[in-house]
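Just dropping this structure here.
What follows draws every value from the coordinates through simple rules; no lab data is involved. No experiment lies behind these values; they were computed from the predicted model shown. Don't worry about glycine lacking a Cβ; one is built from the backbone with ideal geometry, like all the others, and counts go over all protein chains shown.
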Amino acid sequence: EMEVAVKVVIVGNGAVGKSSMIQRYCRGTFTREYKKTIGVDFLERMLEVYDDPVRLMLWDTAGQEEFDAITKAYYRGAQACVLTFSTVDRASFQAVRNWKKKVEDECGTIPMVLVQNKIDLIDRAAIDAEEAEALARELKVRLYRSSVKEDLNVSQVFTYLAERYLAE
Ligand code: GDP
Ligand code: MG
């Protein structure tokens, strides 16, 4: 059987939980400690989709997202994308459209998913549920609400993306 390998880029403003999401999914760990990056280009995890093995390579940004300085090497060859914002950071929500455009400029049309992370902090939400749903409709992507901290809906995001990728 041929193994499929998929490069996935995780984009969004700083501190929305991108590095944490990658670590949670690939290593099963979470830390409250603020870490800008996971320290390597990507981590990987195998999963099975429709009985076929898929290797997901989850690429972390170098923590330079605040300066719009992500290199072309980061985007090169990306085959799927996670658009991420934080429940408690309105600016990160407003930046999603720009992130999507940036990925499409570099990668063309690839499977994408919208993730509202830090849903455990819903009591302090800076975005209404309807607003998030409206954005997902506008961008024509599925919305997941996740908590990397509580390990809620993280693996579902990547299973969905892998399925979308294989369905293309
Ligand atoms: P990045 O800059 O997007 O890579 O964000 P990080 O992964 O470095 O996370 C920024 C901060 O948010 C860290 O302190 C994480 O522990 C925290 N964090 C990440 N995900 C969650 C979550 O689901 N809930 C909460 N409460 N904190 C989170
Ligand atoms: Mg990071």
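Table: residues versus (1) exposed (fewer than 15 other Cβ atoms within 10 Å of the Cβ); (2) free of Cβ contacts under 8 Å to residues at least 24 places away in the same chain; (3) among the hydrophobic types (A, V, I, L, M, F, W, C); (4) away from ligand 1 (no atom under 16 Å from the Cβ).
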{"position": "L121", "(1), (2), (3), (4)": "no, no, yes, no"}
{"position": "E133", "(1), (2), (3), (4)": "yes, yes, no, yes"}
{"position": "S146", "(1), (2), (3), (4)": "no, no, no, no"}
{"position": "K149", "(1), (2), (3), (4)": "no, no, no, no"}
{"position": "Q156", "(1), (2), (3), (4)": "yes, yes, no, no"}
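Would you mind stating whether Q116 is under 25 Å from R32 (Cα atoms), over 14 Å from the mean Cα position of the chain (by Cα) and surrounded by 13 or more Cβ atoms within 10 Å (Cβ to Cβ)? Spell out the reasoning first.
Working: under 25 Å from R32 (Cα atoms): yes; over 14 Å from the mean Cα position of the chain (by Cα): no; surrounded by 13 or more Cβ atoms within 10 Å (Cβ to Cβ): yes.
It is false that Q116 is under 25 Å from R32 (Cα atoms), over 14 Å from the mean Cα position of the chain (by Cα) and surrounded by 13 or more Cβ atoms within 10 Å (Cβ to Cβ).
Let me ask something else. Look at A162 and say whether it is among the small types (G, A, S), surrounded by 18 or more Cβ atoms within 10 Å (Cβ to Cβ) and over 14 Å from the mean Cα position of the chain (by Cα). Spell out how you get there, then give the answer.
Working: among the small types (G, A, S): yes; surrounded by 18 or more Cβ atoms within 10 Å (Cβ to Cβ): yes; over 14 Å from the mean Cα position of the chain (by Cα): no.
It is false that A162 is among the small types (G, A, S), surrounded by 18 or more Cβ atoms within 10 Å (Cβ to Cβ) and over 14 Å from the mean Cα position of the chain (by Cα).
Something else about it: Among the residues of the range 124-168, write down those that are in a loop (DSSP other than H, G, I, E, B) and touching a Leu at 6+ places or on another chain (Cβ under 7 Å).
Selection gives V141, S146.
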